[in-house]
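The values are calculated or read from the model by the stated rules, or taken from the named source; none is laboratory data. Not measured: the values here are computed from a predicted model. With ideal geometry, Cβ positions are generated from the backbone for all residues, glycine too; neighbour counts draw on all protein chains shown. The protein model used for the area step is the full one, side chains on, heavy atoms only, and it has no ligands, DNA or RNA in it. Shrake-Rupley method; radii C 1.70, N 1.55, O 1.52, S 1.80 Å.
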Amino acid sequence: MSIGGTCLTTFPSNLRPSLRHTAITASTLSDWLHRSGRLPSGAITDVNLEQEIETPISTLTFLTATYSSDVPANMPRRLLVKLPHVPAKTGGTGESHFYRNLAPLLEGPPLVRCLGALQESEGDPETIVLEDLRATHDHPQWPLAPSRRQCELALDALVRVHAHWWEAPTLGQNVGQLHTNESLTVMVHDIAAHLPAFTNALGDALTADDRRVFEHVFSSSLRPWLRLTDTRALTVAHGDAHTWNFLFPRSGHGPAFLVDWQLWHLDLAARDLAFFMALHWYPRRRLELERPLLTYYHRRLMAHGVRNYSFDELWLDYRRCVVRNLTIPILFWSRGMNPEGWWHRLACALAAYRDLGCDELI
């Protein structure tokens, strides 16, 4: 998971920006853009490296490019080069695959303009070149919650993605991979295998009822996860839709953009909604805004042409995804993430589970 996202402008305390020389030259950048088909003529004559940021998952380099006179006038000068640390998985997933194959079907907001997406198999590390929107867009300072208007802009961005691939016949064909009982069960059991060590490490920081919830969920038949074998309401999900992966207009006018697509996959639309709200918001805020925002999302979904999916169905799928949120703190802990990255998510996930009566879904 990325904290702060591709266009990171504010940082948790364990991430610090740094300036240093990189291998990104005018010639290298020109070659990437030529090979991606975004620079049909001319070349980059100079690059000014402004900032480099190391995150747990990637190196982000912000730069300004100078072009030769024969480059198309609409090429942006401010660019971001993203070099993921972990190679993309095979089988049609990963961020470069998303920008090469899915993004062209939905260009413009909510997707940032991609100038280059090279896969590792082409002789270079996986490389993504995006337009840098920091001059016009930003996001709340970590870990502050977004305003209600920013929430609506975020949901507008998600609706555009979800509605475009809603129950599309291409899902599982040339877009993503479908789920099976076996794949889902193996995935959850692999995460749950860390549960004994997780609860032992936390000791009495977990209440007796917290432990009961985890034991009840992960010793069950895993119905909230197996819902994914039914393709109703299946779509392309972002997979990491927290506030700081959205870029909101500084002016307050215009659409939001959604970045960091390395975890995209096929899922329920409600997965992104539960991740956005129930995993990150403390109870008072969530209880005040949760239903109004889900109502807003459902209305926008219908306006984009989705039919035969009632609000009650959305609400039920959302609650199922609230159950699924319980895996995330365990997963983060097992990967050695600092407690500031998962402790408040643990509290939020457990509170949402209780508030929404999720025991009855197990």
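Structure values in brief
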item	result
Single residue of Thr231, Thr295 found to be touching a residue at least 60 places away in the same chain (Cβ under 8 Å) and either among the polar types (S, T, N, Q) or more than 25 Å from Trp343 (Cα to Cα) (or both)	Thr231
Filtered residues of the range 126-162 (kept if among the aliphatic types (A, V, I, L, M) and not in a loop (DSSP other than H, G, I, E, B))	Ile128, Val129, Leu130, Leu153, Ala154, Leu155, Ala157, Leu158, Val159, Val161
Test for Thr59: is it open to solvent by 10 Å² or more (accessible area, probe 1.4 Å), within 30 Å of Met337 (Cα to Cα) and not in a loop (DSSP other than H, G, I, E, B)	yes
Any hit, the range 316-323, residues being open to solvent by 20 Å² or more (accessible area, probe 1.4 Å), of a type in the set (A, V, I, L, M, F, W, C) and under 20 Å from the mean Cα position of the chain (by Cα)	no
Residues (part of a loop (DSSP other than H, G, I, E, B) and either surrounded by fewer than 16 Cβ atoms within 10 Å (Cβ to Cβ) or touching a Gly at 6+ places or on another chain (Cβ under 6 Å) (or both)) located in the range 183-202	Ala193
Yes/no for Leu155 being over 30 Å from Thr229 (Cα atoms), modelled with pLDDT of 95 or more and either crowded, with 22+ Cβ neighbours inside 10 Å or touching a helix residue (DSSP H, G or I) at 6+ places or on another chain (Cβ under 7 Å) (or both)	no
Positions within the range 235-244 being in a strand (DSSP E or B) and either closer than 25 Å to Ala192 by Cα or open to solvent by 10 Å² or more (accessible area, probe 1.4 Å) (or both), in sequence order	Ala237
Output for the range 296-312, where each listed residue is outside any loop (DSSP other than H, G, I, E, B) and either of a type outside the set (Phe, Trp, Tyr) or open to solvent by 30 Å² or more (accessible area, probe 1.4 Å) (or both)	Tyr296, His298, Arg299, Arg300, Leu301, Met302, Ala303, Phe311, Asp312
Residue match in the range 96-110 (condition: under 30 Å from Gly252 (Cα atoms), in a loop (DSSP other than H, G, I, E, B) and hydrophobic (A, V, I, L, M, F, W, C))	no
Counted residues, the range 203-229 - those being in a helix (DSSP H, G or I) and surrounded by fewer than 17 Cβ atoms within 10 Å (Cβ to Cβ)	12
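Residues checked against (1) assigned to a strand (DSSP E or B); (2) at pLDDT below 95; (3) farther than 30 Å from Glu131 by Cα; (4) out of contact with any Lys or Arg (no Cβ under 7 Å at 6 or more places or on another chain):
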{"site": "Gly252", "(1), (2), (3), (4)": "no, yes, no, yes"}
{"site": "Pro255", "(1), (2), (3), (4)": "no, no, no, yes"}
{"site": "Ala278", "(1), (2), (3), (4)": "no, no, yes, no"}
{"site": "Leu294", "(1), (2), (3), (4)": "no, no, yes, yes"}
{"site": "Leu314", "(1), (2), (3), (4)": "no, no, yes, yes"}
{"site": "Ala349", "(1), (2), (3), (4)": "no, no, yes, yes"}
{"site": "Arg354", "(1), (2), (3), (4)": "no, no, yes, yes"}
